[in-house]
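Throughout, read-outs are computed from the coordinates displayed, never taken from laboratory work. Predicted, not measured: the structure shown is a model, and the values here were computed from it. Glycine also receives a Cβ, built like all others from the backbone with ideal geometry; neighbour counts cover every protein chain displayed.
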Amino acid sequence: MTETPTTVASAAVTDAAARLRQAAEHGTPVAPVRDLIGRDDVAAAYAVQRLNVDARIAAGATIVGRKIGLTSAAVQQQIGVDQPDFGVLLDDMAFADGDAVPFAAVLQPRAEAEVAFVLAEDLADGALDVEQVRAAIDYAVAAIEVCGSRVADWDISFGDTVADNASSGVYVLGAERRTLAEVNPADVTMSMWIDGQEVSTGNGAACLGDPLNAVVWLARKARELGEPLRAGQVILSGALGPMRPVSPGAEVTVAISGLGTVAATFPAEEDA
């Protein structure tokens, strides 16, 4: 890692991971973990994240990709950081266009629209610049990411959200696949509707100027941490516009120019 090594005791990292796991297991948000690991100790926060990802893998889950968060300059300023973060995508987080996503699957859910990429090649060696990243991408699709927070009332600092797997929940991929010869991610425009009402708009430039810039950042960061991006993995590149809360029974639809639409419903347990 290139970050300053953490001074947080290993017991505090373990306790923070346990607190977040308790929230996930019991379906009840918990207090922030910054009292244990600090607000901005990046190394400690990713150590917490790794512990809980490892626990899910031990329980049978498989890593299928990564998600990039905090790609908006406004959100970075709000939280007080100058860099994105990332979380790990697992196979049990994936849904397809039109699926019903159980509302209880995500704590305090908030939906956002993104461009997702699927890799055709590893991003482990070389300069990992925009040209290499572009060449490594198999295709792009429209995506809904449903972020969630195991921290009560979304009361998060940078350390809290990183530790909480970058506030990840589930994601939904569209059915229309486009190569980067067919669509330029920086030029897309987005609209998101919840129950037929437009609630969010944005464009590709809102994601670090170009969603490919976000993937460049992620590829370099993942390699630094010893876990480079691999062929076949899904990359959620970051929000194109503001996230919005999702209520039980909601239907979320996203349209991204050049990539088509993607939708999902969120039935309450009694409706599932």
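Worth pointing out:
- Of ALA113, ALA143, ALA31, the one that fluctuates the most in a GNM where the chain has Cα springs shorter than 10 Å: ALA31
- Where labels lie 7 Å past Cα in the beta-carbon direction, separation of ASP153 and THR189 in nm: 3.9 nm
- For the chain, calculated [θ]222 nm from helices alone, where every DSSP H run of n ≥ 4 adds -39500 (n - 2.57): -8000 deg cm²/dmol
- A simple spin-label model places the labels of ALA94 and THR28 3.4 nm from each other, with each point 7 Å out along Cα-to-Cβ.
- Summary value for the chain: 26 percent relative contact order, contacts being C-alpha pairs under 8 angstrom separated by 6+ residues.
- For the pair ASP35 and GLU269, a Förster radius of 30 Å applied to the C-beta separation gives a FRET efficiency near 0.40, rounded to the nearest 0.05.
- Cα centroid separation - the range 175-197 against the range 201-272, whole Å: 11 Å
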